[in-house]
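The values are calculated or read from the model by the stated rules, or taken from the named source; none is laboratory data. Note that the coordinates shown come from a computational prediction; the quantities given were computed from them, not determined experimentally. Cβ: placed from backbone, ideal geometry, glycine included. Neighbour counts: every protein chain shown. With ligands, DNA and RNA removed, areas are computed over all heavy atoms of the protein, side chains included. Shrake-Rupley method; radii C 1.70, N 1.55, O 1.52, S 1.80 Å.
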Amino acid sequence: MSAKKLLLNAVLLLGLVLAAYLLYRVFSRYSLAEIRASVERLSESRLSAGLAFAAMSYLCLTVFDWMGLRYAGRPLSYPKAALASFTGLSIGHNLGFAALSSGAVRYRYYSRWGLSGEEVARVIVFCGATVGIGLASLCGIVFVSNSQAAAALIGLPAAGVVALGVGCLVAIGCYLLMTLMIRAPLAVWRWRFKMPSFPLAVGQIVVGTLNFMAVAACLQQLLGADADFMETATAFVLANVAVLLTHVPGGLGVLEATVTALIPSASIGALVAFRVIYFVIPLLFGLVSFALSEIFLRRRQRSAADQTSHERREAQPQSP
């Protein structure tokens, strides 16, 4: 095994250990009966709203890929983009290192439809950038519009929180200006990237922000009276930063630990329901989608091989 693979496996193992420790810290305060009772107290209306906002988030994520394909110069129909995006991300969100794990699944789909490895990489980079833009945008909106509450939540002066929020929004504004002014590809180490068009950049900001607002709304609906939307969005932004830094699969333990640290009144049942709704249920659908598509592909390849073999036999000269 190469040193790179050993290092990757070691990082993944450390992430899983960290996740187990954080989950223990979060859930050890409750008995199984208390967790079950907390889940059962969630109303059907809030569970339904949580499901709807989770679905809205995954819908936004499919648009990421649809736009990314246009950025890569290889536009595909929305159903194809949605299939590759949802299947890849529903699996990648749970495995960790989402850009790599979901990227491998996306490559499996997009390569069938004629995209090269470089073009798939462009799609993945575009989607990754959209995630960062959406997170920065929500951070800027929350910190500027609700600086006092955010300051109390994270323990920073209100002026510092506003400065962070303004910095995020200014960075996004600079990104938009760059898409208007820079035409030559940008060189980053050995990689060269072209800036997206202005309309695509606007789409990144709008859809990226809507995605994170939908996830925060999903969590807030499940938390109910324990937290308002701005409070939940602030905790969610910080939890996502922690998840991105640790690369723990699915943010397992990191998200729960961050939210309960920032919102002590958060119901453990709400956090369990959020993980099931946003991670587990999409994973089940994604695995089924991937399995069915693989079965369909193999059958089509077998049928094509049989047809080719039949045509070759027909083309052979008949003996007298």
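Mind listing just one residue for me: the one in the range 263-281 that is open to solvent by 30 Å² or more (accessible area, probe 1.4 Å) and not in a loop (DSSP other than H, G, I, E, B) and, of those, farthest from LEU59 (Cα to Cα)? Top of the filtered list is VAL272. Checked against (1) surrounded by 14 or more Cβ atoms within 10 Å (Cβ to Cβ); (2) on the phi > 0 side of the Ramachandran plot, TRP189 passes all but condition (1).
Without any contact (Cβ under 8 Å) to a residue 40 or more places away in the chain, over 23 Å from MET213 (Cβ atoms) and more than 20 Å from the chain's Cα centre (by Cα): is that true of SER116 in this structure? Criteria met by SER116. Within the range 47-89, the set of residues being of a type in the set (Ser, Thr, Tyr) and without any contact (Cβ under 8 Å) to a residue 24 or more places away in the chain comprises SER48, SER77, TYR78. The requirement of being surrounded by fewer than 17 Cβ atoms within 10 Å (Cβ to Cβ) and either in contact with a strand residue (DSSP E or B) (Cβ under 9 Å, 6 or more places away or on another chain) or among the hydroxyl-bearing types (Ser, Thr, Tyr) (or both) is not satisfied by PHE198. Of all the listed residues (VAL131, VAL162, VAL142, VAL170), the sole one being open to solvent by 30 Å² or more (accessible area, probe 1.4 Å), in a helix (DSSP H, G or I) and within 19 Å of VAL215 (Cα to Cα) is VAL131.
Checked against (1) open to solvent by 10 Å² or more (accessible area, probe 1.4 Å); (2) within 20 Å of VAL161 (Cα to Cα); (3) modelled with pLDDT under 90, MET213 meets all criteria but (3). Which residues, taken from the range 68-89, are of a type in the set (Ser, Thr, Tyr), open to solvent by 40 Å² or more (accessible area, probe 1.4 Å) and touching a helix residue (DSSP H, G or I) at 6+ places or on another chain (Cβ under 7 Å)? Selection gives TYR78 alone.
If I filter the range 245-266 for residues that are over 22 Å from the mean Cα position of the chain (by Cα), among the β-branched types (Val, Ile, Thr) and modelled with pLDDT of 80 or more, do I get at least one hit? Yes. Considering every residue within the range 217-229, establish whether at least one is among the acidic types (Asp, Glu), surrounded by fewer than 21 Cβ atoms within 10 Å (Cβ to Cβ) and outside any helix (DSSP H, G or I). Yes; the residues of the range 217-229 include at least one that is among the acidic types (Asp, Glu), surrounded by fewer than 21 Cβ atoms within 10 Å (Cβ to Cβ) and outside any helix (DSSP H, G or I). Listed by first and then second residue, the pairs linking a residue in the range 170-189 that is farther than 14 Å from GLN204 by Cα and without any contact (Cβ under 8 Å) to a residue 60 or more places away in the chain to a residue that is open to solvent by 70 Å² or more (accessible area, probe 1.4 Å) and assigned to a helix (DSSP H, G or I), with Cβ atoms under 8 Å apart and 6 or more places separating them unless they lie on different chains, are LEU180/PHE198. Go through the residues of the range 90-113 one by one and say whether even a single one is open to solvent by 40 Å² or more (accessible area, probe 1.4 Å), part of a loop (DSSP other than H, G, I, E, B) and either free of Cβ contacts under 8 Å to residues at least 24 places away in the same chain or of a type in the set (S, T, N, Q) (or both). The answer is no, given that none of the residues of the range 90-113 is open to solvent by 40 Å² or more (accessible area, probe 1.4 Å), part of a loop (DSSP other than H, G, I, E, B) and either free of Cβ contacts under 8 Å to residues at least 24 places away in the same chain or of a type in the set (S, T, N, Q) (or both).
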